[in-house]
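Written out below as structure tokens is the structure these notes cover.
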Amino acid sequence: MVNIHQKIRKLKEYAKDNNVPIMVDQGIDFLTTFVIKYKPETVLEIGTAIGYSAIMMALSNPNLKIVSIERDEERYLEAVKNVKEFELEDRITLLFKDALEVNLEEKFDLIFIDAAKGQNINFFNHFEKNLNEDGHIITDNMYFHGYVLKEEHEIKNRNLRGLVKKIKAYHTFLKENPRYETEIFEIGDGIAVTKKR
Ligand code: SAM
């Protein structure tokens, strides 16, 4: 019989073999510790990929229900398969759509932003209405493989430079936001935890 650790290892191997970006180990440890500590009951995830982070959160907290959005069909279908494999269909709802076209009424205790990195401000603005009063927004890849800490002229690739500029703008957006306070942790690829003031 395949145990849960073997199943998780299989997910990570699939991601590696198929170049699917998933959270690094330090980041996933932070996220799962967060859901154990703060006990959110509802999570909205932007960027499912193959379901790895959603599954890890659900396994860490038996009361957690997750809605997760993915716009890539192949990844979405893989996530559907994986959620079934872990028997988490009753707690993880997967939506196949561009997140910015999804309009939800319900509110969540945690919103986890882990999709197109240049769009973080748009995701934040689009979904902040869905955050519970004392909820948190977590954003991954705040340092984007260390590039965010470099000077602009040190980044030779033009597209990468543009992306890094947008992530830096998101740093400023969070820092100067009068309604939210944010702490950025130097964990994994850089994780921002944002809360209403
Ligand atoms: N959270 C996943 C994990 O750690 O297991 C990893 C997510 S991966 C870094 C980002 C995913 O977001 C990609 O699969 C990409 O297709 C998806 N994505 C990017 N922009 C999106 C959008 N606007 N709406 C929905 N999904 C999006």
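A few points about this structure:
- At most 10 other Cβ within 10 Å, DSSP loop - GluC sites (Glu not before Pro), the stretch 103-148: Glu105, Glu106
- A 1.4 Å probe run over the protein chains yields, for the chain, 56 Å² of accessible area per residue, whole-number rounding.
- In percent, rounded to a whole number, the relative contact order of the stretch 80-197 is 25, using alpha-carbon pairs under 8 Å and six or more apart.
- Degrees, to the nearest 10: 158-175 long Cα axis against longest axis of the chain: 90
- Span per principal axis, largest first, for the Cα atoms of the stretch 133-197 (Å): 42, 23, 15
- For the stretch 4-196, the extents of the C-alpha atoms along the principal axes are 47, 40, 31 Å, listed from largest to smallest.
- Spatial separation of Cα centroids for the stretch 60-92 and the stretch 2-24, in angstrom: 14
- Between Lys165, Lys84, Lys156, the residue with the greatest mean-square fluctuation in the GNM of the chain (Cα pairs under 10 Å linked by springs) is Lys156.
- Where both bridge residues fall in the chain, DSSP classifies roughly 35% of the beta bridges as antiparallel.
- Sulfur and carbon atoms: percent of accessible area, the stretch 4-196 [1.4 Å]: 47
The values are calculated or read from the model by the stated rules, or taken from the named source; none is laboratory data. The structure displayed is predicted, hence computed values, not measured ones. So basically every Cβ, Gly included, is an ideal-geometry build from the backbone, and we count neighbours across all protein chains shown. Surface accessibility is based on the protein's heavy atoms, side chains included, excluding ligands, DNA and RNA. Shrake-Rupley method; radii C 1.70, N 1.55, O 1.52, S 1.80 Å.
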